[in-house]
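To keep things clear, I will list the structure first and then write my remarks on it.
Derivation of every value follows stated rules applied to the coordinates shown; laboratory data play no part. Here the structure is a predicted model, which means the values were calculated and not measured. Because the Cβ atoms are built from the backbone with ideal geometry, glycine has one as well, and the counts that use them run over all protein chains shown.
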Amino acid sequence: MSDAGPACGAVGALSAVHLDALARLAPAHPGSLRAVLGAGPELRCALGRHTGPHMDVLHEGPAEISLWARWSGTGGAGGAGGGDAVLALPDCPAADGGEACGQYRSHPGGHTWEITDPGTEERGRSGDGD
Ligand SMILES: [Zn+2]
Ligand SMILES: [Zn+2]
């Protein structure tokens, strides 16, 4: 079976629910609030092809826990359990050669190196100042 394929790439935005949850988690994740606010409100799904709610990593660490924003895609009826949330999830333990998977444990879709980015190569998370 091959999970390789294009990234989901769905876009979303931080909601009040996300910020509320982030504020609660922030003390255990130093720097996370600053990082999230600095990166702007846009979310972009980091998963490969999948069903269910979308996920974007907000902040990595400490240790092997990262903060992920979850949001539902199209607001279809009957979508229970897929609302906005911020989750502290353990990192995916998979690695290919020297490259560790950048997603969370038990994520759907392919690992980081199996996913091709359908969009631009632009990445807004390198953290360089203006
Ligand atoms: Zn997605
Ligand atoms: Zn993985």
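Structure notes:
- Footprinting exposure proxy for Val11, Val57, Val36 (fewest neighbouring C-beta atoms within 10 Å first): Val11, Val57, Val36
- Placed amide H near Gly73: partners under 5 Å, 5+ positions off or other chain: His54
- Think of the range 1-64 as a dipole: +1 on every Lys or Arg Cβ, -1 on every Asp or Glu Cβ, centred on the Cα centre; then among Pro30, Ser15, Leu58, Ser15 lies furthest on the positive end.
- Across the range 65-70, coupling constants 3J(HN,Hα) worked out from phi with the 6.51/-1.76/1.60 Karplus curve, θ = phi - 60°, read 10, 10, 8, 10, 8, 10 Hz, and Gly and Pro carry x.
- Each residue in Arg70, Arg34 was given a count of other beta-carbon atoms within 10 angstrom of its own, and listing them fewest first yields Arg34, Arg70.
- Relative to the current alpha-carbon distance between Ala39 and Ala13, full extension at 0.36 nm per residue lengthens the span by 8.2 nm.
- The H on the amide N of Ala46, modeled in the peptide plane, is under 5 Å from the matching H of Met55, Asp56, Val57, each at least 5 residues off or on a different chain.
- Per-residue 3J(HN,Hα) values for the range 10-22, derived from phi via the Karplus relation 6.51 cos²θ - 1.76 cosθ + 1.60 with θ = phi - 60°, read 4, 9, x, 8, 4, 10, 4, 5, 4, 5, 4, 5, 5 Hz in sequence order (x marks Gly and Pro).
- Using θ = phi - 60° and Karplus 6.51 cos²θ - 1.76 cosθ + 1.60, couplings along the range 97-106 (whole Hz; Gly, Pro as x): x, x, 9, 7, 5, x, 10, 9, 4, 6
- Close amide H pairs (under 5 Å, H built 1.01 Å from N) link Tyr104 with Cys92, residues at least 5 positions away or on another chain.
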